[in-house]
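I have placed the structure first, in the form of structure tokens, so that the comments after it can refer back to it.
Readers should treat all values here as calculations from the given coordinates under stated rules, not as data from a laboratory. Only a predicted model underlies this, so the values are computations on that prediction, with no experimental measurement involved. Please note: Cβ atoms are built from the backbone with ideal geometry, for glycine as well, and neighbour counts cover all protein chains shown.
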Amino acid sequence: RKRMSVIVEDSVGDLWLYTKGADNVVLPLISEGKVRDAENHLADFSK
């Protein structure tokens, strides 16, 4: 209930996974090296 993902194929055949959800659910799933990047994006987006 706190996370949703969809897979989309673009015009050149590449597949993309889009995920939305509560930060306390999604952040633990992100690889360690990317957590800080994700937190910075969240902070920028919330402004």
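Numbers at a glance
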quantity	calculated
Cα-projected label distance for Arg1 with Asn24, points at 7 Å along beta-carbon direction, nm	1.3
The chain - Rg (one decimal) and Dmax (whole number), Cα, Å	12.6, 34
